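Below: the structure, in structure tokens.
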Amino acid sequence: MGLVGRLSGVVGAAHVLTDPDVVAGHAVDWTGRFRGAAGPVVRPANGDEVSRVLAVCRELGAAVVPQGGNTGLVGGGIPYRGEVVLSTTRLAELGPVDPVTRQVTAGAGVTLAALTAHARAAGMDFAVDIASRDSATVGGMVATNAGGLKVLRWGAMREQVVAVEARLADGRVVGPHGLPKDSTGYDLAGALVGSEGTLAVITSARLRLVPALAERATATLAFDRTEDAVAAIGALRALPSLTSVEVFFDDGLRLVCAHRRVAPPFAVAHPVYLLVECAADADPTEALGEVVAGLAGLRDSALAVDEAARRVLWTHREAHAEAINALGPPVKLDVGVPPGRAAEFERDVRAVVAEAAPGARLVLFGHLAEGNFHVNVVGVAPEAEADLVGRVLAAVARRGGTISAEHGIGVAKAPWLGLTRSAPERELFAAIKRAWDPTGLLNPGVLVGVADSARELAHPADPVASSVRD
Ligand SMILES: Cc1cc2nc3c(=O)[nH]c(=O)nc-3n(C[C@H](O)[C@H](O)[C@H](O)COP(=O)(O)OP(=O)(O)OC[C@H]3O[C@@H](n4cnc5c(N)ncnc54)[C@H](O)[C@@H]3O)c2cc1C
């Protein structure tokens, strides 16, 4: 019996998708930039079926790409060479919220929106929030160490993970261990955070919850200079209720307003905007207003007076990704620099893009409290792409930054890992990959093992060397 027949024997024929039109949707990413070719898409219903699917694939030598909501932005969940796509969407079980530990167990295929609704129904909340919340899954968010809009207050996905249950490439189970305290050796769950599907298939995660905070104050602040916006964060941090500080610029705001047909927050354009949100049990509006009144360099501010106004302020920031995508598939980089160097880096990146891709359109936005910029460049000639990416990432490295603050490495940045991860660190990465997945069954070419990357041909032979030269 062939691969499809064997997989059907495990999950049922209805859950092995082979229709070319259907599987094609699993072989392209959200931006349309990463396209591949899927083999069968298999949808196991539980951890045991995941193990048996992996055993079949291993026996028949079929590589496996774990896929959750397929909202990843670094091409890490895309099959490039006919690999089996292991879709986790049916691993959607949500356990009861435990009020004693304030934890919940969620299947890998649970969407962020479903997890958040579940936590709120129990009077609590989930700390991580990202704009792709309706599709992004718990497994994908653990696998990419997703960050998002509230990292400044609660941390990224890593800080929320208590335990992970996963299936190794040979089908064996690891985890979960969900005790509040546990000092028994290596942090295996931690190794899976940010593993991007290269070590094991995550089947569920035990997650921390945070208190539900009923009162919010949301404001957009306008500045002439990014330096002033960065300095404002220091003053805003005096507010214990501070939850989000997001940055965008006037070109991005105009794009969003045209795309979503919403009005801008101010009658007059300003170069830099911060979207600030506070959340607390008692209304934080007055406290926010007092701090805002004392901010140096502030040109204007718009406070949301009700939920509808709050949604509009958030739309200005959250609709950036879709408005940019509507222009065409962007070169998308998610980089982080020490927040104190964010203004210098912004200048760097504008200069680098103008030189490496003249005529292309650059739109920046991001999570300024973490120095995390999303660099989007639309209209880059394919032959100029690798040079552009290399130069931007080299500028990040020069400023002591990271080539991925929250999206991961995937295939998009695998050739440049050496810019910010040393040789001993990359050797450990390779050794960890071999220890967890000795036959290289899972996600070939992602994060480690660039030699096998489908993207390798599109990049120079030694991109790190060529990037740091400029
Ligand atoms: C509009 C938009 C806004 C976004 N905003 C943010 C943001 O603010 N912050 C942020 O961090 N990200 C953001 N993202 C990126 C994306 O949503 C996250 O990376 C998310 O964590 C991916 O989840 P997913 O379920 O879609 O994973 P997928 O895209 O399906 O997969 C992502 C990676 O995880 C692996 N993977 C998936 N499931 C599993 C599993 N069960 N076991 C092992 N490996 C697995 C895949 O192989 C792949 O390498 C955004 C994306 C979009 C489209």
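Is one or more of the residues making up segment 402-421 open to solvent by 10 Å² or more (accessible area, probe 1.4 Å), within 26 Å of Leu242 (Cβ to Cβ) and more than 16 Å from the ligand (Cβ to nearest atom)? So far as segment 402-421 goes, no, none of its residues is open to solvent by 10 Å² or more (accessible area, probe 1.4 Å), within 26 Å of Leu242 (Cβ to Cβ) and more than 16 Å from the ligand (Cβ to nearest atom).
Of everything in segment 182-235 that is β-branched (Val, Ile, Thr) and more than 16 Å from the ligand (Cβ to nearest atom), the residue that is nearest to Leu54 (Cα to Cα) is Thr184. Screening the candidates Ala117, Ala108, Ala92 for the property of being hydrophobic (A, V, I, L, M, F, W, C), surrounded by fewer than 23 Cβ atoms within 10 Å (Cβ to Cβ) and either closer than 18 Å to Ala156 by Cβ or away from the ligand (no atom under 16 Å from the Cβ) (or both) yields one hit, Ala117. Scoring Val100 on the criteria (1) part of a loop (DSSP other than H, G, I, E, B); (2) within 13 Å of the ligand (Cβ to nearest atom); (3) free of Cβ contacts under 8 Å to residues at least 24 places away in the same chain leaves a single failure, condition (2). Tell me yes or no: at least one residue of segment 63-78 is away from the ligand (no atom under 14 Å from the Cβ) and touching a helix residue (DSSP H, G or I) at 6+ places or on another chain (Cβ under 9 Å). Within segment 63-78, not a single residue is away from the ligand (no atom under 14 Å from the Cβ) and touching a helix residue (DSSP H, G or I) at 6+ places or on another chain (Cβ under 9 Å).
Working carefully through the options Gly197, Gly190, Gly234, find the one that is without any contact (Cβ under 8 Å) to a residue 12 or more places away in the chain and either farther than 19 Å from Glu159 by Cβ or assigned to a helix (DSSP H, G or I) (or both). Only one candidate passes the filter, namely Gly234.
For segment 135-175, filtering for residues that are in a loop (DSSP other than H, G, I, E, B), farther than 25 Å from Leu236 by Cα, within 7 Å of the ligand (Cβ to nearest atom) and open to solvent by 10 Å² or more (accessible area, probe 1.4 Å) leaves 1. Only one entry of Arg208, Arg260, Arg254 meets the criterion of being touching a Phe, Trp or Tyr at 6+ places or on another chain (Cβ under 9 Å), open to solvent by 10 Å² or more (accessible area, probe 1.4 Å), farther than 22 Å from Pro338 by Cα and of a type in the set (D, E, K, R), and that entry is Arg208. Every condition in (1) modelled with pLDDT of 95 or more; (2) more than 10 Å from the ligand (Cβ to nearest atom); (3) open to solvent by 50 Å² or more (accessible area, probe 1.4 Å); (4) at negative phi is met by Arg35 except one, and the failing one is (1).
Scanning segment 108-130 for residues that are outside any loop (DSSP other than H, G, I, E, B) and touching a helix residue (DSSP H, G or I) at 6+ places or on another chain (Cβ under 7 Å) gives Leu112, Leu115, Asp125.
The single condition among (1) surrounded by 22 or more Cβ atoms within 10 Å (Cβ to Cβ); (2) assigned to a loop (DSSP other than H, G, I, E, B); (3) aliphatic (A, V, I, L, M) that Val53 does not meet is (2).
When the strands (runs of 3 or more DSSP E) confined to segment 289-397 are screened for residues that are open to solvent by 60 Å² or more (accessible area, probe 1.4 Å) and more than 16 Å from the ligand (Cβ to nearest atom), those reaching at least 3 such residues are found at 298-303.
The values are calculated or read from the model by the stated rules, or taken from the named source; none is laboratory data. All values reported here derive from a predicted model rather than from experimental measurement. Because the Cβ atoms are built from the backbone with ideal geometry, glycine has one as well, and the counts that use them run over all protein chains shown. Side chains included, ligands, DNA and RNA excluded: accessible areas come from the protein's heavy atoms. Shrake-Rupley method; radii C 1.70, N 1.55, O 1.52, S 1.80 Å.
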